[in-house]
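Written out below as structure tokens is the structure these notes cover.
The values are calculated or read from the model by the stated rules, or taken from the named source; none is laboratory data. If you're wondering where the values come from, they're calculated on a predicted model, not measured in any experiment. Methodologically, a virtual Cβ is constructed for each residue, glycine included, from the backbone with ideal geometry; neighbour enumeration extends over all protein chains shown. For accessibility, only protein heavy atoms count, side chains too; no ligands or nucleic acids. Shrake-Rupley method; radii C 1.70, N 1.55, O 1.52, S 1.80 Å.
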Amino acid sequence: GCPQGPRPVTSVLALAVTSEQIEHLHRRFKQLSQDQLTIRKENFDSIPDLEFNPIRGKIVHAFFDKRNLRQESDGLADEINFEDFLTIMSYFRPIEMNMDEEQLDRFRKEKLKFLFHMYDSDHDGKITLQEYRNVVEELLSGNPHLEKESARSIADGAMMEAASICVGQMGPDQVYEGITFEDFLKMWQGIDIETKMHVRFLNVDTIAHCY
Amino acid sequence: MEVVWAVGQVGAAWLAVVFGLIIVPSALGISLGISEAYMWVLVKTLEWATIRLQKGAKKPQPQMPRTPTANGIIERDETPMEKEISLLHRADFEFSHIFYFCRKGFEAIVEDEVTQRFSSEELLSWNLLTRTNVNFHYISLRLTVVWVIGVIVRYCFLLPLRFTLAAIGIMSMIVGTTAVGQLPNGRVKNYLSEVVHLMCSRILVRALSGTIHYHNKENRPQKGGICVANHTSPIDAIILTNDGCYAMVGQVHGGLMGIIQRATVKACPHVWFERSEIKDRHLVTKRLREHVADKSKLPILIFPEGTCINNTSVMMFKKGSFEIGGTIYPVAIKYDPQFGDAFWNSSKYNIVSYLLRIMTSWAIVCNVWYLPPMVRKEDEDAVQFANRVRSAIARQGGLTELPWDGGLKRAKVKDTFKEEQQKNYSKMLVRNGSVG
């Protein structure tokens, strides 16, 4: 049957998503949810392309992370509806031509915040060494020849690098607690992430679909 | 009483017209030009409709990149993984890798390459068939009138006509092949069986209002060879037998299909397997090998994808067909979706509703390319050979190649395939990043 029109979307999305793109996303949502009103984690199992992704777990987790859903409370949601789905998708909006400095800056911060949440799995606002190691291990998972030691040393090396950027030279008995969001922003200063972290829709002039 | 007489007269007149104008010429292989005229009118009407629709949609569109919708609606970055990760490379490598995988993950969630292939191709413009017209808004009175006329023409005129033709075609196939089957084996029988098969195929193609363009006829499959083609619908077989005779391979069905199978196998050595036999791969290969070894037998027709794909891509070819040996004659079939969608989504529609949709479309227009024959090289195994043939077919038909298994329509990704991919990534990471 005909999909019902989506509810009025939040102003976050008003910028770049056209009604056709929302329609497409709605159809995709219905496909994933199997015509239910909400999606649960299990629904993401039906995407073959996603099976290969080593950080699949973290990506799916990000959809249910209440911090990303802009909800006041913390923790994980059990299920999300279409509006939540659009909220998460909005983190991957491409840049618009007519954005000014302030908008661009906010844009960038949003994307980096999303990424930060992906690392910070215990939601305490800091990326600790253990959390970092988890991410690296997940990225390298699936290769039985790679020992845990290699993964660990990669993580440790990277963490030291991060610490040196953020805190400068550390004293011999100083312990670096973890990367906060401000440090995270500092690390990515000058690097153009906006063009790497987006999904751009093509201009689809379909007036009607026949199937 | 008079009413019955009148109806009888009309019925008889109708049949006479159908016979005279359609069946006899098509059985003899000549064309009266009626189909060409019909197609010309159709094309003109659709062009007009498209122009009206474009005028009607007055929204100014922002300038964004365009691409045929056959391959998806998001812009995919085709940079290979290594290049893209090294571009972002800074001292800490996993941050850059995480961008890459994040984006790939989101792309997969918005639209995955596989599921897309199991739903029909979307058209850029409307072809006046409102199978489901989600976005239809009233554009103009003229367009609506034309659409209504279109519905009436299709359902009240074309459908009964096609149904009659199909019925006649199937019946003559059954009767004809049974009759030929009574003859003793020999050259006469083979010749007559070919004649009967060709005639009935032509009638059935007319029943679908099919317009088929055959290219490179000099590469047509020869006796003792194996013909492989991409699979979009059950009609594929009729499209190919319209131009040559093949020995079909398939499972024994019940009902009408079963009757046809039993009748045709009397005249021509088609290879029908019982359901239990299909499971035994060695048995299947053995029987097919015997058939191919006999050079006087007609070429076998096989669809190695194993299931219907929506004609925008070619999925993995099952290697079984390529282990038999012999010469492979690849054939690429590409339907034009403008006039009617030939794809059979077997999980969504059953065969009857599928045939109904086909018979109420405007026409089935397709291109068939016969590719030069291929033989397996010595250092190639069956899988590599299968991929080589698949590339040739995809390139000719303008289809994309996907390494996926058509079985994914119903099942999940095999673990072995998944692990392969993960290993590739890890290997590359260690090479590039462990210095970090």
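The set of residues in the stretch B:294-338 that are among the aliphatic types (A, V, I, L, M) and within 15 Å of B:ARG388 (Cα to Cα) comprises B:VAL314, B:MET315, B:MET316, B:ILE328, B:VAL331, B:ALA332. Residues that are assigned to a helix (DSSP H, G or I) and either of a type in the set (Ser, Thr, Tyr) or open to solvent by less than 20 Å² (accessible area, probe 1.4 Å) (or both) within the stretch B:279-300 comprise B:THR285, B:LEU288, B:HIS291, B:VAL292, listed in sequence order.
Of all residues in the stretch B:300-321, those that are aromatic (Phe, Trp, Tyr) have Cβ atoms under 8 Å from Cβ atoms of residues that are open to solvent by 10 Å² or more (accessible area, probe 1.4 Å), 6 or more apart or on another chain, in B:PHE303/B:HIS231; B:PHE317/B:ASN387; B:PHE317/B:ARG390.
When both residues are 6+ apart or on different chains and their Cβ atoms are under 8 Å apart, which pairs have a first residue that lies in the stretch A:119-142 and is more than 9 Å from A:ALA155 (Cα to Cα) and free of Cβ contacts under 8 Å to residues at least 12 places away in the same chain, and a second that is open to solvent by 50 Å² or more (accessible area, probe 1.4 Å) and basic (Lys, Arg)? Short answer, once both residue conditions are applied: A:ASP120/A:LYS126.
Take the conditions (1) in contact with a helix residue (DSSP H, G or I) (Cβ under 7 Å, 6 or more places away or on another chain); (2) modelled with pLDDT of 85 or more; (3) surrounded by fewer than 17 Cβ atoms within 10 Å (Cβ to Cβ); A:LYS58 misses just one of them, which is (3).
Within the stretch A:88-116, the set of residues being farther than 19 Å from A:ARG70 by Cβ and open to solvent by less than 40 Å² (accessible area, probe 1.4 Å) comprises A:PRO94, A:MET99. Number of residues in the stretch B:311-366 that are in contact with a Pro (Cβ under 7 Å, 6 or more places away or on another chain) and buried (at least 18 other Cβ atoms within 10 Å of the Cβ): the value is 7. Could you go through the stretch B:369-387 and let me know if any residue there is touching a Leu at 6+ places or on another chain (Cβ under 9 Å) and open to solvent by less than 20 Å² (accessible area, probe 1.4 Å). Taking every residue of the stretch B:369-387 in turn, none turns out to be touching a Leu at 6+ places or on another chain (Cβ under 9 Å) and open to solvent by less than 20 Å² (accessible area, probe 1.4 Å). In this structure, A:ARG70 qualifies as at positive phi, open to solvent by 60 Å² or more (accessible area, probe 1.4 Å) and more than 14 Å from chain B (Cβ to nearest Cβ).
Of all the residues in the stretch B:226-253, those that are polar (S, T, N, Q) and more than 15 Å from B:ASN311 (Cα to Cα) number 3. When B:LYS189 is tested against (1) open to solvent by less than 60 Å² (accessible area, probe 1.4 Å); (2) in contact with a helix residue (DSSP H, G or I) (Cβ under 9 Å, 6 or more places away or on another chain); (3) within 30 Å of B:ASN345 (Cα to Cα); (4) among the charged types (D, E, K, R), just one condition goes unmet, and that condition is (3). Suppose we keep only residues that are modelled with pLDDT of 85 or more and open to solvent by 20 Å² or more (accessible area, probe 1.4 Å) within the stretch B:223-236. Which one would you say is nearest to B:HIS197 (Cα to Cα)? Here the residue is B:LYS223. The residue pairs whose first member lies in the stretch B:249-278 and is among the aliphatic types (A, V, I, L, M), whose second member is surrounded by 15 or more Cβ atoms within 10 Å (Cβ to Cβ) and in a loop (DSSP other than H, G, I, E, B), and whose beta carbons are closer than 8 Å, counting only pairs six or more residues apart or on different chains, are B:VAL249/B:HIS270.
For the stretch B:301-310, a tally of residues being out of contact with any Lys or Arg (no Cβ under 9 Å at 6 or more places or on another chain) and open to solvent by 10 Å² or more (accessible area, probe 1.4 Å) returns 2. Quick one: B:PHE343 ticks every box in (1) within 14 Å of another protein chain (Cβ to nearest Cβ); (2) part of a helix (DSSP H, G or I) bar one, so which box is it? If we test B:PHE343 against (1) within 14 Å of another protein chain (Cβ to nearest Cβ); (2) part of a helix (DSSP H, G or I), just (2) comes out false.
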